[in-house]
Amino acid sequence: MICAIGDIHGCYDPLKALINWLQENIKKHCRQFEYIFIGDYIDRGPSSREVLDYLIDFDEKKTLLMGNHEDMLLMFHYGSEKYKVNGNFWLTENNGGLKTIKALDPSTELDRLVIAETGGHVASRKYIRNNGEFRLESKYENFFNGLKYACVRTIKTKDGEREVLFSHSMPNQTVPIDEILKCSSFEAFHAMRKHYHLQTKETNLWNRTFLTEPFEKYIIVHGHTPTFYAEHFMGSITAPDNKPAYSEKAVEDSSVLLTTAKTDKAVLQIDIDTGLVYGKKLSALLLPETESERMLFTGPERLPGAVSFNLVSGYHSDYIENDFSLNDYLDF
């Protein structure tokens, strides 16, 4: 079984609660179980360091993908030319970089220096360079450098196998998927970006495109765009009957969001960023890899296709809500 988990953004308690529930209620039904974390582990939330420590020590089969917030941290840490172009975007209060810097390097004076130099308005400075004020421990540097930029898995449906591509956000269709899959480092990824003449926000760490037609042979599973805000980026995605070609319920209640093809209603992409750090949900998407796992999604006692740790009623909330059954969309 594949279990993909959406954007965490420094919210440790919900992550731990969701994982514990999955271990106790879902994993026991499966011979194999792989967690795929979709990126954005840090920033904005209160516990970025605790989240990283938890994921580093998490002793399960796991694949961890790069998010745009980890990419921004590495840009700043390495003083890359791309960070110069982007200015101090990561350090602004909205993105939470200064809070993460202080969490990962408690002795740093960088937060005080930045506030003193900018009067609290970080964006007013064209470029603040890390001159050694932010010291990143090797275990965290190794963690960030070990993140993958995408991965592909095969799932089972009633009609056969489907290829699923997991990425922090939508891949740019001018870049061959194999080029993204083979990226093994921050440097390699940005060399690839330059080769294809892409701006940072056109890459699969930032791109907010929603599909109207299939992306090669893949279903795309991604995060990055909170589902409650996704409609803002969808433009005129409609089916032939002029009805939305996406799950409206997801936009309304911040659950997992699917978009479907205009012609045959096939699933094109699944957005699993359900707005945790905005007080919404942390969601896990479950996808079967074998015939026996596929059968767990059918029948009266079927497993849910997606579960969420719901934060609408507060930071600490102890119930799991089923968003939908994948059987309704992927025909398990």
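The values are calculated or read from the model by the stated rules, or taken from the named source; none is laboratory data. Computed from a predicted structure; not experimentally measured. A quick note on method: Cβ atoms are made from the backbone with ideal geometry, for glycine too, and the neighbour counts reach across all protein chains shown. Just so you know, the surface numbers come from the protein's heavy atoms only, side chains and all, with ligands and any DNA or RNA stripped out. Shrake-Rupley method; radii C 1.70, N 1.55, O 1.52, S 1.80 Å.
Multiplying the residue separation of Tyr54 and Asn131 by 0.36 nm and subtracting their alpha-carbon distance yields 24.8 nm. In this simple spin-label model, placing a label point 7 Å from the Cα along the Cα-to-Cβ direction at both Asp159 and Thr174 gives a separation of 3.2 nm.
In the stretch 1-77, Rg over Rh equals 0.99, where Rg is the alpha-carbon radius of gyration and Rh the Kirkwood radius from pairwise Cα distances. Database remark: amide H of Gln269 closer than 5 angstrom to the amide H of Ile220, Thr259 (H placed geometrically; neighbours at sequence offset of 5 or more, or on other chains; Pro and chain starts carry no H). Only protein heavy atoms count here; under a 1.4 Å probe, Cys3 has an accessible surface of about 0 Å². Residue separation of Ser184 and Phe233 scaled by 0.36 nm, minus their Cα-Cα distance, works out to 14.7 nm of gained length.
A Förster radius of 30 Å, combined with the Cβ-Cβ distance separating Lys27 from Lys139, puts the computed FRET efficiency at roughly 0.70. The label-point distance for Glu252 and His195, in a model that sets each label 7 Å from Cα toward Cβ, rounds to 4.6 nm.
For the stretch 32-74, the per residue solvent-accessible surface stands at 27 Å², with DNA, RNA and ligands left out and a 1.4 Å probe.
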